[in-house]
1. If you rank Cys163, Cys29 by how much accessible surface each has, with a 1.4 Å probe, what is the order from largest down?
2. At 1.4 Å probe radius, can you tell me the per residue accessible area of the range 21-82 in Å²?
3. Once you sort the root eigenvalues of the Cα gyration tensor of the range 6-87 as a ≥ b ≥ c, which label holds: rounded (a/c under 1.5), prolate (a/b larger than b/c) or oblate (the other case)?
4. What length, rounded to one decimal in nm, is gained on full extension from Thr5 through to Arg50, with 0.36 nm per residue of separation minus their alpha-carbon distance?
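The values are calculated or read from the model by the stated rules, or taken from the named source; none is laboratory data. In this text, all values refer to a predicted model and were calculated from it rather than measured experimentally. Remember, those area values only see protein heavy atoms, side chains included, never the ligands or the DNA or RNA. Shrake-Rupley method; radii C 1.70, N 1.55, O 1.52, S 1.80 Å.
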Amino acid sequence: MIVSTPTALVAAAPTLFRRGLVTLLQEQCPALRLTLTADASEVADLIGLRKFGLIVLDGALPGLDLPAVLEGLHRSRPTQRLLVLADPREPAVRRAAPAWSGTQLLVPPHVPPHALAAVLAPWLATTPEAGAFPIRVEAPYLLAGSFSRRELEVLRLVVADQCNEEIADHLCLSVRTVESHRRTLLQKAGTRTLVGLAARAVREGWVA
């Protein structure tokens with residue numbers, strides 16, 4: 001029996017969120033062959049040239065015509081395993097989204113990567129012919145009890161790829177205070193870099 005190698009296309013901006021999601025998917029499925037793109041103009045061509053076991057589309061990717069991509073996929077591959085990060089309340093998304101067959105998942109963009117990776121695991125472990133799975137992404141998500149409320153606020157913004165100045169403006173703090181919180185977060189998480197911090201944060205469910 002020939003076992004096919006699982007494949008996935010992730011079309012999303014190269015943020016810490018994407019890095020965390022990719023890291024978790026690779027940990028759960030080491031054999032996974034990933035194709036990454038942050039160029040919206042490449043999405044339709046990539047989908048047309050190759051059949052992926054899983055497609056992840058970030059509705060906020062600049063230049064991505066999400067309704068057109070969804071409509072095209074629904075016509076050509078109605079059973080494509082598809083994860084769409086978009087606000088289900090958006091009129092354009094609601095009009096374009098097909099009647100979900102159990103092989104498509106539409107979730108808000110704020111859902112943390114660890115929750116997405118957990119529900120995608122069954123898809124990565126089986127072939128599309130194995131059938132659909134009853135998939136849900138449920139809240140609330142677990143938070144780390146060892147962090148203060150302010151540290152968690154800073155951590156969420158770090159994972160959202162905001163710089164020190166942006167975090168300081170958002171939380172009405174000084175840049176020096178933000179830097180201090182970041183050092184504390186790195187120490188508590190046992191990581192040396194922000195990428196490592198973000199990866200562990202989403203892996204452990206510290207952000208929501």
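1. Numbers: Cys163 55, Cys29 15 Å².
Descending accessible area places them as Cys163, Cys29.
2. Dividing the accessible area of the range 21-82 by its residue count gives 51 Å².
3. On the way: a/c = 1.81, a/b = 1.24, b/c = 1.46.
Here the range 6-87 falls in the oblate category.
4. Working: separation 45, 0.36 × 45 = 16.20 nm, distance 1.36 nm.
Stretched fully, the Thr5-Arg50 segment lengthens by 14.8 nm.
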